[in-house]
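Undergrad: For reference, the structure I am asking about is given below.
A short reminder: the numbers here are calculations on the coordinates, not readings from a lab. What you are looking at is a predicted structure, and each value in this text was computed from that prediction instead of being measured. In this analysis, Cβ positions are derived from the backbone assuming ideal geometry, glycine residues included, and neighbour counts consider all displayed protein chains.
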């Protein structure tokens, strides 16, 4: 019989993370087959994505397995954070007010704005010359 887990998907910018929480673990987080500290060089990203556990006081209660693709490092950390929060909600729906208050269940909708014709970037226009 397969071990039971709770799965959720988190997205941020161009990154998508599939998060699986395995109950009764020691709190280890594996991202794309690598340990958390191997995958994320910056400590700020690690703190950011583990916030849902800290707020709900569920640190070291789950082993976490994550498959993440697309985007950059910080976007991936944000996607994992949302995925963890959504998976925690499946574990215990009572956590919703705490997670909602912390803003962990809100999908950050900000995306890269497309380049417009006649402009150098999304909004930067060529320099105006009078003569």
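Undergrad: Taking the Cα-to-Cβ direction at residue 3 and at residue 90 and moving 7 Å from each Cα, how far apart do the two end points lie in nm?
TA: 1.6
Undergrad: On full extension of the chain, what length is gained from residue 115 through residue 131, given 0.36 nm per residue of separation minus the C-alpha to C-alpha distance?
TA: 3.0 nm
Undergrad: What full-extension length gain, to one decimal in nm, is calculated for residue 38 and residue 55 as 0.36 nm per residue of separation minus the Cα-Cα distance?
TA: 3.7 nm
Undergrad: How would you rank 108, 26, 38, going from fewest to most other Cβ atoms within 10 Å of each one's own Cβ?
TA: Least crowded to most crowded, the residues run 26, 38, 108.
Undergrad: Next question, about the same structure. Taking 1 over the mean of 1/r across every pair of different Cα atoms in region 65-131, what Kirkwood radius in Å do you get?
TA: That comes to 15.2 Å for region 65-131.
Undergrad: Helix-derived [θ] at 222 nm for the chain: sum -39500 (n - 2.57) over DSSP H runs of at least 4, divide by residue count, nearest 500?
TA: -9000 deg cm²/dmol, from helical runs alone.
Undergrad: Calculate the all-directions average of the projected area of region 13-86's alpha-carbon convex hull, and give it in nm².
TA: Mean orientational projected area (region 13-86, Cα hull): 4.3 nm².
Undergrad: Still on this structure: 7 Å from Cα along Cα→Cβ at both residue 22 and residue 108: what's the point-to-point distance in nm?
TA: 2.9
Undergrad: Would you mind ranking 61, 86, 123 by Cβ crowding within 10 Å, fewest neighbours first?
TA: The order, fewest Cβ neighbours first, is 123, 61, 86.
Undergrad: Could you work out how far helix 73-91 tilts from the main Cα principal axis of the chain, as a 0 to 90 degree angle to the nearest 10?
TA: That helix lies at roughly 40 degrees to the long axis.
Undergrad: Normalized C-alpha radius of gyration of the chain, against 2.2 N^0.38 Å?
TA: That works out to 1.31 for the chain.
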